[in-house]
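The values are calculated or read from the model by the stated rules, or taken from the named source; none is laboratory data. Please read these numbers as outputs of a predicted model, since none were measured by experiment. Neighbour counts are summed over all protein chains in view; Cβ atoms, including those assigned to glycine, are modelled from backbone coordinates with ideal geometry.
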Amino acid sequence: MNGISFKNPEFFYLLLLLVPMIVWYIWQRKRLGASIQFSSTMGFSRVPKTWKHYFRHSVFVFQMLSLSMLVVAFARPQSSNSYSNVTTKGIDIVIALDISSSMLAMDFRPNRIEAAKDVAIQFISGRTNDRIGLVVFAGESFTQCPLTTDRATVINLFKGLESGMIEDGTAIGNGLATAVSRLKESNAISKVVILLTDGENNRGEIAPVTAAELAKTFGIRVYTVGVGTIGMAPYPLQTPFGVQVRDVEVHIDEVTLQKIASTTDGKYFRATNNNKLTEIYKEIDKLEKSKIDVKEFSKKQEEYLKFALAGALLLIIGMILKITVFRNIP
């Protein structure tokens, strides 16, 4: 605990009430005192003073201290650690994931989108000092999670991703542009987008190469991953007889993905199965490290109870002294 702050400091104005109480107490003591006229007080000077004489005001002192403690309790004292900036080593990474219907193809176990999610979660779990963000795209794109060091939050959002959450299609350019917008204000030395898709750009207002040029302008490196086997892949199709698994041809625009990677000084990967996808993430995991600042916020803890108890204890002590030890002293 580095210090005490008060939630309601305005209650300290109540301490001003102690001044008239003290004045009233002094006035009362003088008014109640009896006087007798003597020609000389020399005879009384030899009378010894007991300890009660010296402590006769202790009851009033305990009462004042009790009220002071209660006022402090009303002001809501709170202990907290100082806010601090902690510099850690890491990079800013945004994962842009294709969640179009084609990601339901079953050439990965159990399908492409679930395999991509599982491997991405393993990757995030190992990047303890990095800020991670998540962008999803299909026919359009949006930010699912902004850059954060809270890995648990990112992982939970990944687990909740499903195909069909947004309009179908493959807007690679829009997905990349959205990821760039999350990174362009970053001060990290290394800014990376990992873009995973299994198709060809067929939707969106921004061309993939244009988005790549935008990423290059902001110093963002893009690693592109084409997800899908070579040739044909089993895909669950809705038919009049229910869902049936049929082989469909895999179409991945590798030329465009390679162009995006080369433009941004990144690298293109082709993942044909779960193991290959895992290996790709391991290679990306070896990226250079840079320094980022993480803001640490302290948690405030209420401290009023100890002051309230102290006030109550002092009040009880004062009452006990008044009805016992000092009961015959006005």
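Among VAL209, VAL192, which is the only one that is surrounded by fewer than 22 Cβ atoms within 10 Å (Cβ to Cβ) and among the aliphatic types (A, V, I, L, M)?
Working: VAL192 fails: surrounded by fewer than 22 Cβ atoms within 10 Å (Cβ to Cβ).
VAL209 is the lone residue from the list that is surrounded by fewer than 22 Cβ atoms within 10 Å (Cβ to Cβ) and among the aliphatic types (A, V, I, L, M).
Within the stretch 205-214, track down each residue that is over 18 Å from HIS251 (Cα atoms), within 34 Å of the chain's Cα centre (by Cα) and not hydrophobic (A, V, I, L, M, F, W, C).
GLU213
Kindly establish whether THR264 is within 33 Å of the chain's Cα centre (by Cα) and either farther than 19 Å from LYS117 by Cβ or not assigned by TED's automatic domain parsing to the domain that holds LYS191 (or both). Show your work before the answer.
Numbers: within 33 Å of the chain's Cα centre (by Cα): yes; either farther than 19 Å from LYS117 by Cβ or not assigned by TED's automatic domain parsing to the domain that holds LYS191 (or both): yes.
Yes: the conditions hold for THR264.
Within the stretch 114-130, identify whether any single residue is in the same structural domain as PRO208 (by TED's automatic domain parsing), crowded, with 24+ Cβ neighbours inside 10 Å, farther than 19 Å from ARG270 by Cα and touching a residue at least 12 places away in the same chain (Cβ under 8 Å), and answer yes or no.
yes
Being hydroxyl-bearing (Ser, Thr, Tyr), modelled with pLDDT of 80 or more and either out of contact with any Leu (no Cβ under 8 Å at 6 or more places or on another chain) or over 19 Å from ARG327 (Cβ atoms) (or both) is the filter here, so list the residues in the stretch 22-65 that pass it. Explain how you work it out, then say what you get.
Taking the stretch 22-65 and keeping what is hydroxyl-bearing (Ser, Thr, Tyr), we get 25, 35, 39-41, 45, 50, 54, 58.
Filter again for modelled with pLDDT of 80 or more, leaving 25, 58.
The answer is TYR25, and nothing else.
Condition (residue is closer than 22 Å to ILE252 by Cα and in contact (Cβ under 8 Å) with a residue 60 or more places away in the chain) applied to the stretch 142-153: is it met by at least one residue?
no
Please determine, by comparing only the residues of the stretch 133-178 that are assigned to a loop (DSSP other than H, G, I, E, B) and within 18 Å of the chain's Cα centre (by Cα), which one is surrounded by the fewest Cβ atoms within 10 Å (Cβ to Cβ). Don't jump to the end; show me each part of the working.
Going through the stretch 133-178, the residues assigned to a loop (DSSP other than H, G, I, E, B) turn out to be 138-140, 149-150, 160-171.
Remaining after also requiring within 18 Å of the chain's Cα centre (by Cα): 149-150.
Details: THR149: 17, ASP150: 11.
Only one residue tops the list, namely ASP150.
Condition check: part of a strand (DSSP E or B) and either assigned by TED's automatic domain parsing to the domain that holds GLY133 or of a type outside the set (Lys, Arg) (or both). Does LEU237 satisfy that? Walk me through it before giving the result.
On the way: part of a strand (DSSP E or B): yes; either assigned by TED's automatic domain parsing to the domain that holds GLY133 or of a type outside the set (Lys, Arg) (or both): yes.
So LEU237 passes the test.
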